[in-house]
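The values are calculated or read from the model by the stated rules, or taken from the named source; none is laboratory data. Predicted model, so just to flag it, every value in this text is computed and none were measured. Counting neighbours? That spans all protein chains shown, and the Cβs are built from the backbone with ideal geometry, glycine included.
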Amino acid sequence: MHAFVVRLWSPSTGPEQELGELRGVVEHLGSGQTAAFKDDAELLSFLHGRSWEREPRAQVGETGGAVR
């Protein structure tokens, strides 16, 4: 299983605000890799790219938290 944090916001000024566009950052918690995105296609590209699977995985410690 993989866990992600996705942060979204709406630009406060400019033409993007009028269009209701969002901006965001996604982080894969196991690897710490992050990517900024301007639309759903960029977010999905990060998720489908699976670059975090090419990195060494964090191992679960006895307390249940991820350790490196």
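State which residue pairs qualify: first residue charged (D, E, K, R) and inside region 24-41, second residue in a helix (DSSP H, G or I) in any location, beta carbons under 9 Å apart, and separation of 6 or more residues or different chains.
38/16
Rundown of residues vs (1) modelled with pLDDT of 75 or more; (2) more than 12 Å from the chain's Cα centre (by Cα); (3) in a strand (DSSP E or B), yes/no style:
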residue	(1), (2), (3)
1	yes, yes, no
13	no, yes, no
26	yes, no, yes
44	yes, no, no
57	no, yes, no
